[in-house]
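To keep things clear, I will list the structure first and then write my remarks on it.
The values are calculated or read from the model by the stated rules, or taken from the named source; none is laboratory data. Model, not experiment: these values are computed from the prediction. Note: ideal-geometry Cβ built from the backbone for every residue, glycine included; neighbour counts use all protein chains shown.
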Amino acid sequence: MRTPKKLGLGIAGIALLALTACGGPAGSTSEGDPEESGAGAETSADNPYGLEVAENPEFPEGSTMAELAEAGSITIGTKFDQPLFGLVGPDGSPVGFDVAIGALVAAELGIEFGDIEFEETVSANRETFIQNGTVDIVVATYTINDARKEVISFAGPYYEAGQALMVAAGNPEGIEGPEDLEGQPVCSVEGSTPAARIVDEYGADLQATDTYSNCLDPLRNGQVVAVTTDNVILSGFVDQNAGEFELVNEGETFTEEPYGIGLSLEDTEFRDWINDVLEASYEDGTWDSLWEQTAGTVLPTPEPPAVDRY
């Protein structure tokens, strides 16, 4: 049964990730042109990322952009258990970099932050939610790959992560890399690329679950020797659980994981428009500001990746 989450982010949710207001990201002009974005708005509980919302943006008739702008709302699939990217705060609403990227898209559509509906979307149901219309887009640490592009489309990437390993503090099993995991119990999320890779390429004994947070207790009690997913997700868990976990080789990655925004397969017009929004945010400093307010409280600010207009 669907249980939608209406986002009305309070200060307590922001405090959970120690988010700081580092200056407002840029928004749109009244024409909705991301190339002409202006200065950011003040951050507040109703506008936590300081994004200016486009006023009366104009879009081609019949386009997804026009339909969403006219509706004045958008449903975005994201994860609810991933520190720094998408984590539910005490008020029941998610915060993080994925949430901020989703808010950027909404703002350029003229949609207020409080009119975004965030739907919890785990790895196994991302394609399904896009295909059946449960969500309009998915921003959920969603790696772009060829198999997924056969059933849905991607804008971006807006970030490039890499698969890494998290172990108990002190690394009691002496794991130095994925090659040490053959036949070993390792936790990851069913339906994710890290889970498939750790089995197919490294022969691990996968202990699958639906959310990465459900891997923490098995690692604590020794049921698994490691948790594997993208480095940024694991960094959030290490930061939130001080002294319990560590990253193998300081988070050294062994893959490239470009994160994209998932949307309907044939909606090229919407994909191209979102790519325009992302590229404008790279150029005017909005992307940097959103990162620094969220994942940047723990991780250094990287260069944004080049958009792939396939």
- Those residues that are surrounded by fewer than 22 Cβ atoms within 10 Å (Cβ to Cβ) and under 17 Å from the mean Cα position of the chain (by Cα), I need them from region 280-301; list them, please. Tyr282, Asp288, Glu292, Gly296, Thr297, Val298, Leu299, Pro300, Thr301
- Using beta carbons and a limit of 8 Å, which pairs, at least six apart or on different chains, have the first residue in region 46-75 and in the same structural domain as Gly262 (by TED's automatic domain parsing) and the second one of a type in the set (A, V, I, L, M, F, W, C) and surrounded by fewer than 17 Cβ atoms within 10 Å (Cβ to Cβ)? Gly50/Ala21; Glu52/Ala39; Phe59/Ala66; Pro60/Ala66
- Query: What is the one condition in (1) assigned to a helix (DSSP H, G or I); (2) crowded, with 16+ Cβ neighbours inside 10 Å that Asp217 does not satisfy?
  - Reply: (2)
- Among residues of region 62-121 being surrounded by fewer than 24 Cβ atoms within 10 Å (Cβ to Cβ) and among the polar types (S, T, N, Q), the residue farthest from Gly50 (Cα to Cα) is Ser63
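Give the number of residues within region 239-277 that are part of a helix (DSSP H, G or I) and touching a Pro at 6+ places or on another chain (Cβ under 8 Å). I'd like the intermediate steps shown before the answer.
We begin by selecting, within region 239-277, every residue part of a helix (DSSP H, G or I); these are 239-240, 248-251, 268-277.
When the remaining residues are screened for being touching a Pro at 6+ places or on another chain (Cβ under 8 Å), the result is 239-240, 269, 276-277.
Residues in region 239-277 being part of a helix (DSSP H, G or I) and touching a Pro at 6+ places or on another chain (Cβ under 8 Å): 5 in total.
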- Message: For the list (1) among the hydrophobic types (A, V, I, L, M, F, W, C); (2) outside the structural domain of Trp273 (by TED's automatic domain parsing); (3) within 16 Å of the chain's Cα centre (by Cα), I need the number of the one condition that Phe154 fails.
- Response: (2)
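Return yes or no: is Thr209 among the hydroxyl-bearing types (Ser, Thr, Tyr), touching a residue at least 60 places away in the same chain (Cβ under 8 Å) and either surrounded by 17 or more Cβ atoms within 10 Å (Cβ to Cβ) or in contact with a Pro (Cβ under 6 Å, 6 or more places away or on another chain) (or both)? Talk me through it step by step, then tell me what you get.
Numbers: among the hydroxyl-bearing types (Ser, Thr, Tyr): yes; touching a residue at least 60 places away in the same chain (Cβ under 8 Å): no; either surrounded by 17 or more Cβ atoms within 10 Å (Cβ to Cβ) or in contact with a Pro (Cβ under 6 Å, 6 or more places away or on another chain) (or both): yes.
Spelling it out, it is not the case that Thr209 is among the hydroxyl-bearing types (Ser, Thr, Tyr), touching a residue at least 60 places away in the same chain (Cβ under 8 Å) and either surrounded by 17 or more Cβ atoms within 10 Å (Cβ to Cβ) or in contact with a Pro (Cβ under 6 Å, 6 or more places away or on another chain) (or both).
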- Of the residues Glu182, Glu201, which single one is in contact with a Gly (Cβ under 6 Å, 6 or more places away or on another chain) and surrounded by fewer than 21 Cβ atoms within 10 Å (Cβ to Cβ)? Glu182
